[in-house]
Structure formats: structure tokens, C-alpha cells
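A quick write-up on the structure given underneath.
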Amino acid sequence: MKKPMDNIFYLLNMSLSGIKNIEKEIKIDFFGKSVSKDFNPEKYKIKGIYGENGVGKSAIVTAVDIVKKFVVMDNYLRDYQSQLLLRELINKNTRKFTFKCEFVSRIGAMFIYTYELCFIIGDDDEIYVSHESLKYRQNSSKNKTATIFNNDDGKLTVLIAEGIEREAILDKTRNLLGKQSALSLMIDAVIGDEKNSELLILLTCAMVFFFMLTTHFDREDIHEEYYRHIKLSNLKKDTPSIEKVLEEIETTITSGSKRIAKEFYAEYEKKVKKLEAFIKLFKPELQRIEIDKKESKEFFECRLVMDYGSYRVDKEFESTGIKKLMSLFDAMLLASKGSIVFIDEIDSNINDVYLCRLLEYFKYYGKGQICFTSHNLDPMTVLKENSKSIDFLTSDNKIVPWVKNGHYTPDNSFRNGLIAGMPFNIDSTDFIRVFEGEK
């Protein structure tokens, strides 16, 4: 049996502001200490985010989704629908969305990257890139940080490249940085000039991190899959020193789509067999899951059909609970192979016993990271022993990490209003005047 890919990326922390009702900056810490040569995130790979209704938990996952699409999809900000959506998602008061993250890459040498992004809503109500930057350092916080690029208001104010690479980048990015990612454009500029150039490998590691970053909202986006496939195919040609790693990453992240590249169809069939075994745990009467495929140029458009022996059901017409399990399977499979997965409302339409068993599996056997939002408190019993595993988001935009405190448990503290900024001071009698008051 093929050994799962080692965890080669790890998200250390991220900060964000200006998304939906999150006006002030919040910081989510996944590791909580400095990175050393013997870096081991084994006990820091799962986090649950809790809070009252409407405080902005979903906004956190939405922010990650926006940044990932901006980097991966070339024309994300030029797309009319994206502009419409972002105008609604970016905070109405600040009219500015900011995001910053630090992550570890262990493709070859270990580097710590810092990526920053800022969108603004202009006077014409269009969304523009106000700032984008990428920095890196080796191994630990003691090493000096080097800036790969700074894009400020559409101009590269800092650029690490020299000579031919610098000229190619400046030419490729001219007049485009107001609405496109400098990271993506720079990779396109230096591909083909010199295989295995130091700059190209640095950029490739950063780009692949965003490929490995996935979000789950119970919906799918096949356009993102297409862009990701094209970019990875090009990167493999020009970075032969890390080609094997990129091939394994591509296999991992491509098998979750409805639109499957023909070269990965065999892997997709294996994935569906695993899905079948997974669903049979909950629904033993399932005979098999069949793949109904139609050819579309270099892809197969795939549809799953559930065969119960006496009848067959298209996946789209399955029960909400089974579809939720299938969605969670995709997320867990990616995370188990090294992806960094954000899941919004992980507890919707799933039995809490099953949910806790899945999280317990990942806690002990998963390779990547999972960050989820939830209202169900039962997962806290799985998470409470691990460090940095439970955060609370308050209505005034503050992250309150759970810290062990004597005999108190996180779920009881939450229920009883003992978390700072979350008093839960609503009594059952408060509803009397709402439902039984004057009409």
C-alpha cells in the first residue's frame, strides 16, 4: 500500500479583517511557538472555531476561499461575478479586505513564508489589489527575512529578481498588478527561462501551498480545478528537481473534482472505491458507487450513481445526510494526505457521534490540517487535549483561545457563559414577550 505523503506544508497562523462583519483584525494561531529545526506539528493539526450566531465564523472560511481563488485563478478579479460577490463580502465600513498568513514549506529545504494581501473598493466600486507581498526565511525566527516581492498599488516596489528574470517579470506584470496576483504572474514570467532557478522554486513552493489550501462550503467549483491543473502541469516541466513532489501533490488535489483530467482518471476510480467503502460504514445496504462519465476534450465529466441493488440513485438526489458524509469524505481524504482544509459548519446534517469519530480519526492518523467552524459542542471532547485546538470568536471581533483551566471543560465553560466576551445572557423567559406578547 502506498505510504501517505508526509506533511510538507503547515499553516502557522493567519490574520484577516474587513470580510463580512469582521471589521477589526483577528489572528488565528495554529502552532503558537517559534519554528525550530526539529519542527513537529503533530499535536497542532486540528482546530475548531466556535462562537455565537452571526459573529463571523463563516467569514473566516470565506476569506481563505477568496485569497486562494485570487492566487490560483488568473482572472478572478476581472470576472464580473467575482466583483459583484466581493462588493457584498468586503466590510461596508472599511471597504478594505486584508489577509496575512505564515506557513512552513518542506519541499527540499525548510522555509517559512509570509504572504500578505489587501483588496480595496475603489471610488468606482471596483475591487483592486492595494498590496500583495511574499517574504521568506529559513528554518527559524532567528534567520533574516528576505522579501521576494512587494506589489503596492499596482507597482512592484520590491523585487528580488535580477537580470533576465527581472526584465521578464517587469514585462509580464506591466499594467496587470491592479487586478492579478503578482505571485501567479511572476511564475508565468520565469517559467521556461531557466529550469530549477532558485526564484522559480521559491515561487513554486508558495504557489503549491495555495493549491493545497482547500475550502468546503457544501458546493463545488470546477473552474478552480481547471486553472490548478494547467498551472501545475507547467510548473512540473520547469522544476524537475521537485517534479516528483509536484506530481504527488497533483494526484492528491485533483481527485476530488467532478471534472477529472484523463491522466488522473485511474486515481479517481480508486478514490471512488474508498468513498464506497466509507459510505458502506453508515449505509451497509449500498452495493456499489458507479461512475457515469462523459468525455470532454482532455477531461471526463463524472457523475456518481448510488446502486442499492433494487434501485439506483444519482448522488444529487441522495439524502442530505449522505451527501454531507460524501462532502466530508472529500475533505478528510485531502486532509489525510497533507492538504490544509477549512470546513464551514462541519456539523450541519451529520450525526454528532459520526462527526466525533471522524475528527478522532484525523487527530491520530491525519497528515495535513483541518480548521472547521461548528455550533455542535461535542467535538470539543475530541479536541480539548490538544494545544491550540479550540478558538472562540466574539461579537466584537476577538479570538479567545481555549486554555486548560483546572476541572473546567471547554463545552461547559461555553454553555455557562464563562468564555470572555460570550456571556450568553439570554434566558428562556426572554422569549415570552416575543412569542406571547401583544400582537
Problem - Enumerated strands (runs of 3 or more DSSP E) restricted to segment 32-150, each holding at least 1 residues that are under 30 Å from residue 172 (Cα atoms) and in contact (Cβ under 8 Å) with a residue 40 or more places away in the chain - result: 96-105, 111-121, 127-138
Practice task
Determine whether residue 97 is in contact with a Ser or Thr (Cβ under 7 Å, 6 or more places away or on another chain), more than 25 Å from residue 368 (Cβ to Cβ) and surrounded by 14 or more Cβ atoms within 10 Å (Cβ to Cβ).
Solution key: no
Handout entry: Residue identified as within 21 Å of residue 329 (Cα to Cα), touching an Asp or Glu at 6+ places or on another chain (Cβ under 7 Å) and either surrounded by fewer than 17 Cβ atoms within 10 Å (Cβ to Cβ) or not small (Gly, Ala, Ser) (or both) among 376, 349
Key = 376
Fill in the blank from the handout: In segment 409-423, anything of a type in the set (Val, Ile, Thr) and in contact with a strand residue (DSSP E or B) (Cβ under 6 Å, 6 or more places away or on another chain) is listed as 419
Completion exercise
Within segment 307-318, the residues that are surrounded by 11 or more Cβ atoms within 10 Å (Cβ to Cβ), more than 21 Å from residue 267 (Cβ to Cβ) and not aromatic (Phe, Trp, Tyr) are 307, 312, 313, 314, 318
Completion exercise
All conditions in (1) closer than 17 Å to residue 182 by Cα; (2) within 19 Å of the chain's Cα centre (by Cα) are true of residue 105 except (1)
Practice task
Search segment 292-302 for residues being surrounded by fewer than 17 Cβ atoms within 10 Å (Cβ to Cβ) and under 27 Å from the mean Cα position of the chain (by Cα), and hand back the single one that is nearest to residue 313 (Cα to Cα).
Solution key: 301
Problem - Conditions (1) more than 24 Å from residue 339 (Cβ to Cβ); (2) in contact (Cβ under 8 Å) with a residue 60 or more places away in the chain; (3) of a type in the set (A, V, I, L, M, F, W, C): number failed by residue 372 - result: (1)
Exercise for the section: From 339, 387, grab the single residue that is out of contact with any helix residue (DSSP H, G or I) (no Cβ under 7 Å at 6 or more places or on another chain) and not aliphatic (A, V, I, L, M). Expected result: 387
Handout entry: Pair list, Cβ under 6 Å, 6 or more apart: segment 206-228 residue at pLDDT below 95 and among the polar types (S, T, N, Q), other residue in a loop (DSSP other than H, G, I, E, B) and surrounded by 23 or more Cβ atoms within 10 Å (Cβ to Cβ)
Key = 214/339
Practice task
Go through the residues of segment 361-373 one by one and say whether even a single one is within 30 Å of residue 272 (Cβ to Cβ) and out of contact with any helix residue (DSSP H, G or I) (no Cβ under 9 Å at 6 or more places or on another chain).
Solution key: yes
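Here is a yes/no grid of residues against (1) under 18 Å from residue 28 (Cα atoms); (2) at pLDDT 85 or above:
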{"residue": "373", "(1), (2)": "yes, yes"}
{"residue": "377", "(1), (2)": "no, yes"}
{"residue": "384", "(1), (2)": "yes, yes"}
{"residue": "401", "(1), (2)": "yes, yes"}
{"residue": "409", "(1), (2)": "no, yes"}
{"residue": "415", "(1), (2)": "no, yes"}
{"residue": "421", "(1), (2)": "yes, yes"}
{"residue": "425", "(1), (2)": "no, no"}
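The values are calculated or read from the model by the stated rules, or taken from the named source; none is laboratory data. Since this is a predicted model, take the numbers as computed values, not measurements. Glycine also receives a Cβ, built like all others from the backbone with ideal geometry; neighbour counts cover every protein chain displayed.
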